1. Tell me the strands (runs of 3 or more DSSP E) entirely within region 88-169 that contain at least 2 residues that are touching a residue at least 60 places away in the same chain (Cβ under 8 Å).
2. Anything in region 136-181 that is of a type in the set (A, V, I, L, M, F, W, C), within 14 Å of A43 (Cα to Cα) and either buried (at least 21 other Cβ atoms within 10 Å of the Cβ) or in contact with a Lys or Arg (Cβ under 6 Å, 6 or more places away or on another chain) (or both)? List them, or say none.
3. Based on what the data block shows, is T34 surrounded by 10 or more Cβ atoms within 10 Å (Cβ to Cβ), farther than 24 Å from K152 by Cβ, modelled with pLDDT of 70 or more and of a type in the set (S, T, Y)?
4. Just to verify a result, which residue in region 92-124, among those that are over 21 Å from N171 (Cβ atoms) and polar (S, T, N, Q), is surrounded by the fewest Cβ atoms within 10 Å (Cβ to Cβ)?
5. Across region 34-87, what is the number of residues that are closer than 17 Å to Q162 by Cα, assigned to a loop (DSSP other than H, G, I, E, B), of a type outside the set (A, V, I, L, M, F, W, C) and more than 15 Å from the chain's Cα centre (by Cα)?
6. So R188 passes all but one of these: (1) assigned to a loop (DSSP other than H, G, I, E, B); (2) out of contact with any Pro (no Cβ under 8 Å at 6 or more places or on another chain). Which condition number does it fail?
Amino acid sequence: MSGRRLIGVAVTVGAIAVVAVQFFAATGEALERTRAASCRALAPDPIPPSLLNVDAPDFELSDAEGHKISLRSQRGHPVLLNFWATWCPPCTEEMPSMETLAAGLEGSDVRTMAVSVDENWATVKSFFAQGTRLGVLLDPSKEVPKRYTTEKYPETFFIDAQGRVRHYFINKRDWSKPEAIACLESLR
């Protein structure tokens with residue numbers, strides 16, 4: 001192969017590499033814009049000032065099997081943290097869509113933590129008589145929601161993989177929308 005031909009091939013390969021890098025960079029930027037738009041589409045409420053730019057308050061609660069689960073142990077994973085109760089009509093109305101979301105997240109690194117403020121596990125287990133894909137925890141003392149300035153239920157926090165509250169939602173939402181998964185996945 002002649003020197004000219006080699007130079008031509010090298011220039012062509014170089015040009016293709018530059019275009020490929022630009023394409024993939026633009027694709028990544030477009031994906032980030034799409035995920036950010038997904039979060040906006042969920043219409044989050046303003047984050048309480050005490051939770052801005054700080055680590056989300058840690059806690060440790062038991063699951064239905066008695067295992068202690070802490071928020072700190074979820075670091076490295078996006079977390080949906082929901083405060084709810086079986087006696088709260090908007091909470092119970094929201095749960096089917098939260099179950100749909102949990103099903104859509106199976107196999108991903110996103111964690112769900114549905115913290116019930118009911119009095120006991122019997123009530124919560126009765127509510128989920130068919131089982132649940134959600135990570136359900138119990139806080140009958142209602143101390144953990146207070147750390148998040150939560151007074152009404154349901155309230156939901158999207159926490160990024162670094163442990164910071166990124167989005168906050170007051171009242172029930174339709175979590176079955178694809179935007180919910182996209183938004184949570186953007187928090188890696």
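1. In region 88-169, 136-138, 155-159 are the strands (runs of 3 or more DSSP E) which contain 2 or more residues that are touching a residue at least 60 places away in the same chain (Cβ under 8 Å).
2. Passing the criteria: F157, F158, W175, A180.
3. no
4. The extreme case among them is N120.
5. 3
6. So R188 meets the others, but not (2).
The values are calculated or read from the model by the stated rules, or taken from the named source; none is laboratory data. Remember, predicted model here, so these are calculated numbers, not experimental data. Don't worry about glycine lacking a Cβ; one is built from the backbone with ideal geometry, like all the others, and counts go over all protein chains shown.
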